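Since the structure comes first, as structure tokens, the remarks are kept for the end.
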């Protein structure tokens, strides 16, 4: 689970950069929400 949380943080950071800095999102808002919810769930449970 730790590795997945690290991977999710990196993915979210990458997608935030593309969305906010480059104004060129790579994924939909719904996909980003899913990544974030998965990370929240891991952090809450572990």
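All of the numbers you see were taken from the coordinates with simple rules; none came from a lab. On a predicted model such as this, the values are computed, not experimentally measured, just so you know. Because the Cβ atoms are built from the backbone with ideal geometry, glycine has one as well, and the counts that use them run over all protein chains shown.
Results, tabulated for the structure shown:
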item: Burial ordering of 41, 28, fewest other beta-carbon atoms within 10 Å first; result: 28, 41
item: Value of [θ]222 nm, deg cm²/dmol, for the chain, DSSP H segments ≥ 4, -39500 (n - 2.57) each, nearest 500; result: -23000 deg cm²/dmol
item: Sequence of 38, 7 once ranked by neighbouring C-beta atoms within 10 Å, starting from the fewest; result: 7, 38
item: Angle in degrees between helix 29-45 and the longest Cα principal axis of the chain, rounded to the nearest 10; result: 20
item: Sites residue 12 and residue 44 - FRET efficiency at Förster radius 22 Å, r taken between beta-carbons, to 0.05; result: 0.90
item: Residue-span extension gain [residue 37 to residue 21] - 0.36 nm each, minus C-alpha spacing; result: 3.5 nm
item: Rounded to 10°, Cα long-axis angle of helix 2-16 versus longest principal axis of the chain; result: 20
